[in-house]
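To keep things clear, I will list the structure first and then write my remarks on it.
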Amino acid sequence: MRDLSAGLVSFIVTLMLIGCTPGSRVRYISPDALPDEWRTHAERTSYAETGRYDEVVDFCRRLADAAPHARYTTFGMSGEGRELPLLVLSNEGVFTSEKARESDKVLLLIQNCIHAGECMGKDASLELTRDIVLTGTHAGLLEHVNVLIMPIFNADGHERFSPYSRINQNGPREMGWRTTATNLNLNRDYMKADAVEMRAWLRLWNEWRPDMLIDNHSTNGSDHRYDLLYAATTSACMAEPLAEWVQHVLYPGMLHPLAAAGYETLPYGWPRNRKVISEGVAVAVGFSPRFSTGYGAACNRPALLVEAHALKPYDRRVRVTYDLLVNILKTLNRHPDALCDAVRTADQRCSASRGGERDGQIPLTVERTDDSRRITYKAFEHKLHNSEITGDEVIEYTRVPQDIETDLYDQTRLELAVTPPA
């Protein structure tokens with residue numbers, strides 16, 4: 001009876017929306033009357049669990065069947081033969097790469113589960129898709145932006161489900177594995193393209209030509225009070241127009257609303273000495289093109305690394321990622337021409353100079369300088385004790401908040417550049 005009722009609700013919803021064409025008025029479902037079938041597995045379990053691959057694909061297919069502004073497709077196959085799912089969101093029917101290249105809208109690619117155990121981006125993206133195309137809560141986010149969403153990039157790793165895949169992570173109850181079925185780390189594979197999944201990704205990247213990439217992860221390592229860490233290449237390895245756009249448009253647009261909502265954020269990095277935070281915090285710089293952030297920069301596209309703090313409760317990690325995505329989409333809608341102009345300028349300069357737009361040379365690597373700025377690091381008090389297993393001194397974090405004055409090392413200089421051949 002439950003299956004029959006769910007099918008009837010789905011049929012009614014489809015009838016409500018069928019016949020809607022791009023630009024026509026869509027009759028949305030009220031969020032207060034949302035049937036249970038339109039809630040993610042994470043929502044239905046109060047974020048104790050996350051959905052499996054088949055559940056995610058089914059959810060995506062049903063969304064696309066019910067909503068005229070969503071299209072479900074795939075962009076390749078995994079090593080074990082699973083389809084790599086892709087949702088395309090557009091209020092003007094831009095559902096192919098050909099139409100995307102002709103559109104004057106920003107094209108945003110949101111990538112989840114490249115490390116499949118780090119799954120909060122998947123659940124946040126599914127909820128956001130529903131709230132854009134089905135409930136209409138955020139329907140305006142498609143006004144000047146078309147969106148590609150990869151709910152699960154590393155599909156085979158995702159199905160290596162276990163409560164022990166990420167023992168340092170605070171939920172969900174079980175999750176996937178970091179690498180592919182052939183033990184390849186996709187977030188080290190953008191240049192060498194050993195994995196079949198990465199070769200499929202590269203085809204999509206070159207066919208659709210997104211203007212921006214968001215790569216959702218969870219952190220490893222030390223405990224602290226930050227909900228989310230973030231990074232995008234803004235050093236000499238990024239074209240100047242895009243580095244300026246990231247610093248002056250993207251970061252303020254995404255971070256200020258998060259702060260107003262009570263979230264703590266910090267540039268992605270780590271304490272120089274986890275036992276003595278006052279010795280400084282080193283920000284990650286100079287991502288090579290084997291990573292998403294470095295590959296995007298090499299292609300003249302901003303690529304944002306998002307790292308939700310693995311020790312925060314799973315529901316909070318999903319929520320901060322959801323809010324971040326909303327803030328970025330709002331920023332892109334407020335300033336759509338700013339990113340498109342920066343991308344176009346960077347591409348033109350790169351083409352005219354054979355990539356050597358900085359003093360005629362191509363930047364290859366950068367290094368962190370000794371320049372820093374003072375910050376108040378939002379830590380937890382910790383204790384040190386000797387491990388019975390290793391005999392080494394280890395850190396035990398408490399739940400007592402502690403503010404530590406320290407230095408943030410986030411400045412870079414060009415380390416290596418080459419002159420392009422004639």
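The values are calculated or read from the model by the stated rules, or taken from the named source; none is laboratory data. Bear in mind that the values here come from a model prediction, so they are computed numbers and not experimental data. Every residue, glycine among them, receives a Cβ derived from its backbone with ideal geometry; neighbour counts consider all protein chains shown. Surface accessibility is based on the protein's heavy atoms, side chains included, excluding ligands, DNA and RNA. Shrake-Rupley method; radii C 1.70, N 1.55, O 1.52, S 1.80 Å.
Elements of the type strands (runs of 3 or more DSSP E) sitting completely within the range 351-422 and holding at least 3 residues that are touching a Phe, Trp or Tyr at 6+ places or on another chain (Cβ under 9 Å), under 26 Å from H309 (Cβ atoms) and free of Cβ contacts under 8 Å to residues at least 60 places away in the same chain: these cover 373-386, 393-409. In the set (1) at pLDDT below 95; (2) outside any helix (DSSP H, G or I); (3) open to solvent by 50 Å² or more (accessible area, probe 1.4 Å), L311 fails one condition alone, (1). Only a single criterion out of (1) surrounded by fewer than 16 Cβ atoms within 10 Å (Cβ to Cβ); (2) hydrophobic (A, V, I, L, M, F, W, C); (3) in a helix (DSSP H, G or I); (4) in contact (Cβ under 8 Å) with a residue 24 or more places away in the chain is not satisfied by A338, namely (1). Kindly indicate the residue of the range 252-271 that is part of a loop (DSSP other than H, G, I, E, B) and not hydrophobic (A, V, I, L, M, F, W, C) and also surrounded by the most Cβ atoms within 10 Å (Cβ to Cβ) among those meeting that condition. My answer is Y268.
When the range 285-301 is filtered for residues that are more than 16 Å from L202 (Cα to Cα) and either at pLDDT 95 or above or touching a Lys or Arg at 6+ places or on another chain (Cβ under 6 Å) (or both), only V285 remains. Residues that are at pLDDT 95 or above and either touching a Leu at 6+ places or on another chain (Cβ under 8 Å) or not charged (D, E, K, R) (or both) within the range 337-359 comprise A338, L339, C340, A342, V343, T345, A346, Q348, listed in sequence order. Of all residues in the range 31-88, those satisfying the criterion of being over 22 Å from W208 (Cβ atoms), of a type in the set (A, V, I, L, M) and either open to solvent by 40 Å² or more (accessible area, probe 1.4 Å) or not in a helix (DSSP H, G or I) (or both) are A33, L34, A48.
Of all residue pairs spaced 6 or more apart or on separate chains, those with beta-carbon atoms under 8 Å, a first member in the range 190-211 that is part of a helix (DSSP H, G or I) and a second member that is β-branched (V, I, T) and surrounded by 13 or more Cβ atoms within 10 Å (Cβ to Cβ) are E197/T180.
Conditions (1) at pLDDT 95 or above; (2) out of contact with any strand residue (DSSP E or B) (no Cβ under 9 Å at 6 or more places or on another chain); (3) buried (at least 23 other Cβ atoms within 10 Å of the Cβ); (4) not in a loop (DSSP other than H, G, I, E, B), marked per residue:
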{"site": "S125", "(1), (2), (3), (4)": "yes, no, yes, yes"}
{"site": "R160", "(1), (2), (3), (4)": "yes, yes, no, no"}
{"site": "N168", "(1), (2), (3), (4)": "no, yes, no, no"}
{"site": "T182", "(1), (2), (3), (4)": "yes, yes, no, no"}
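Might you check whether a residue that is crowded, with 19+ Cβ neighbours inside 10 Å, in contact with a Leu (Cβ under 9 Å, 6 or more places away or on another chain), not hydrophobic (A, V, I, L, M, F, W, C) and not in a loop (DSSP other than H, G, I, E, B) occurs anywhere in the range 220-227? No, that holds for no residue.
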